[in-house]
Amino acid sequence: MASSSSTAAETPSSSDSSVPQAQPQQQQPASTRPVNASAMASDPAHPKKPINLLRGWPSASLPPTAALSAASQRLLGNPSLATPALLYGPDPGFEPLRGALAAWLAEFYGTPSDVERVAVSGGASQSVACILQSFTDPAYTRAVWMVAPCYFLACPIFADAGFGDRMHAVPEDEEGIELAVLEAGLRKFAEEDGGGKGGGENKCFKDPGPHRKLYRHVIYCVPSFSNPSGKTMSLRRREGLLELARRYDALIICDDVYDMLQWQPTTTTSSSSSGEGADLNKALLPRLTDLERTLGPSPHDPPGKTFGHAVSNGSFSKLAGPGLRTGWTESAPDLAYGLSQTGSTRSGGAPSQFAAAVVYELLVSGGLAAHIRDALRPAYRRRHGLVVEMAREVLGPLDDVFGGYFVWFRLPGGLKADEVAKRCQAEENLAIGTGGLFAVQGDAGGPRFENEVRLCFAWEDEADLEDGVTRLGKVVWRMLHGKPMEVAAGGAGRGLDELK
Ligand SMILES: Cc1ncc(COP(=O)(O)O)c(C=O)c1O
């Protein structure tokens, strides 16, 4: 499977500026306009095959094409499903999928099944945009707090909603988000607002109406197998985060898109062996919205309503294929319903109605669970093992259960990721994710991650993945030692493992 060799810009360029542009943009020739954020700016004349370890996509060889084809055939052959699938639908989404999803999520997360908590979305990205449309107001919502390093494509969604100059980085340590930093920031705003009791600037552009409410803050995180750091937030940090959100009227948007992609690492670098025998068909930790179920109403809920302070943002992109553009949210029922009342959703019902119906067939046939268990987890476990094996010297100890798409590490010898990436591109035709890409956009004082690198092990096939890490190892070696790596007789380059 070939990497893209599109001429599209690789890193956030002028097109990613979070500063509003007052003057008309100069027309770019169509051929030079970026078509997506992770396409590789590759020289077609380069003698080496392009390899893209930046792109955070599932490998083109992995989507369950045959099972999706069968699901589509079954759907279209059954008028009781095909007819609604091809019409406008209900605001909270295709009813059969909502029901099946509620049961499937309850099974994985070990929670009671409740369809009223589930709404179908157009995937996690589109869902964040709808959540912000419905539950924030740039005049009322004070700030967006983002765990840093962050999923870089979330930043423009917050900027589009009016928060371009109000995104704040909150660092993470081995247990996840640093609560003391977050709390200090939230407290500062509360003091400005008169003890959090509604003083300060309260003028709103939006009327939330009877089914929605506006939150004072938004917190964005990827609690399990984070993009980009691969880290998983501990239970006590999850509990502490929820407590802060309930105190300061914040909505925590959790991109729970990697939860089901988990495995035990193939290597022995785990910090302990307590993960032995973990049931990988069950979530290891509760979602924040699950934790909130036991806490009762929040002091910030309007009378008679329970919106809560956490929404789980799920997606079929990493499980079945991003082209489906279908996902879900799970949250307190009033928030789920309020979200379904977003204007663009009310005009015709939840997005991706047809794709949602195909996914329904895939889910109830057991095909999706089988695909995750028998195809995705083993493939990603092998790929992850390859990268870990070759980068043992620079990766810290791994958790007992690892998952997601990415490894993140600090380059040795104080090397700057931007310099390494430039040389990888020029000398090896290799794209890597530089740490700076994952800094919170618009927060000039936040961490810059200049020495960090993210590698995606999901996109390239195993041979190219191995080759890509070897090429990166050679570049790093040359930069550290000022001469090419000497390869021992009989051994190919061993990637980052050779670095010392
Ligand atoms: C954390 C995170 N959220 C959201 C997305 C995008 O999800 P979707 O395709 O459902 O919009 C990604 C994809 O890389 C991701 O890593």
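Scan Asp160, Asp91 and give me the residue that is surrounded by fewer than 23 Cβ atoms within 10 Å (Cβ to Cβ) and touching a residue at least 40 places away in the same chain (Cβ under 8 Å).
Details: Asp160 fails: touching a residue at least 40 places away in the same chain (Cβ under 8 Å).
Just a single option satisfies the conditions, and that option is Asp91.
Which residue out of Ala60, Ala66 is over 30 Å from Ala161 (Cα atoms) and more than 16 Å from the ligand (Cβ to nearest atom)?
The conditions single out Ala66.
Applying the selection to region 419-446, what residues are surrounded by fewer than 23 Cβ atoms within 10 Å (Cβ to Cβ), of a type outside the set (S, T, N, Q) and closer than 22 Å to Lys483 by Cβ?
Answer for region 419-446, where residues must be surrounded by fewer than 23 Cβ atoms within 10 Å (Cβ to Cβ), of a type outside the set (S, T, N, Q) and closer than 22 Å to Lys483 by Cβ: Glu419, Val420, Lys422, Arg423, Ala426, Glu427, Glu428.
If we keep just the residues of region 296-321 that are of a type in the set (Gly, Ala, Ser), more than 10 Å from the ligand (Cβ to nearest atom) and not in a loop (DSSP other than H, G, I, E, B), which is farthest from Val118 (Cα to Cα)?
Of everything passing the filter in region 296-321, Ala310 is farthest from Val118 (Cα to Cα).
Looking at region 119-152 only, could you name the residues that are in a loop (DSSP other than H, G, I, E, B) and either of a type in the set (A, V, I, L, M, F, W, C) or farther than 30 Å from Asn451 by Cβ (or both)?
Those that are in a loop (DSSP other than H, G, I, E, B) and either of a type in the set (A, V, I, L, M, F, W, C) or farther than 30 Å from Asn451 by Cβ (or both): Gly122, Gly123, Thr136, Asp137, Pro138, Ala139, Tyr140, Thr141, Arg142, Cys150, Phe152.
Looking only at region 322-345, count how many residues are aliphatic (A, V, I, L, M) and within 16 Å of the ligand (Cβ to nearest atom). It would help to see each step written out before you state the result.
Filtering region 322-345 down to residues aliphatic (A, V, I, L, M) leaves 324, 332, 335-336, 339.
Those left that are additionally within 16 Å of the ligand (Cβ to nearest atom): 324, 339.
Within region 322-345, residues that are aliphatic (A, V, I, L, M) and within 16 Å of the ligand (Cβ to nearest atom) number 2.
Looking only at region 335-361, count every residue that is part of a helix (DSSP H, G or I) and either touching a residue at least 60 places away in the same chain (Cβ under 8 Å) or of a type in the set (Asp, Glu) (or both) and tell me the total. Can you show your working first?
Taking region 335-361 and keeping what is part of a helix (DSSP H, G or I), we get 335-340, 343-346, 353-361.
Going one step further and asking which of them are either touching a residue at least 60 places away in the same chain (Cβ under 8 Å) or of a type in the set (Asp, Glu) (or both), we end up with 335-340, 343-346, 353-354, 356-361.
So the count comes out to 18.
Going through region 94-110 one residue at a time, which ones are in contact (Cβ under 8 Å) with a residue 40 or more places away in the chain, over 23 Å from the mean Cα position of the chain (by Cα) and either over 24 Å from Asn281 (Cα atoms) or not in a helix (DSSP H, G or I) (or both)?
Scanning region 94-110 gives a single hit, Phe94.
Got a sec? Which of Thr289, Thr329 is in a helix (DSSP H, G or I) and β-branched (Val, Ile, Thr)?
Working: Thr329 fails: in a helix (DSSP H, G or I).
Of Thr289, Thr329, the one residue that is in a helix (DSSP H, G or I) and β-branched (Val, Ile, Thr) is Thr289.
None of the figures in this text is laboratory data; all of them are computed from the coordinates on show. What you are looking at is a predicted structure, and each value in this text was computed from that prediction instead of being measured. Methodologically, a virtual Cβ is constructed for each residue, glycine included, from the backbone with ideal geometry; neighbour enumeration extends over all protein chains shown.
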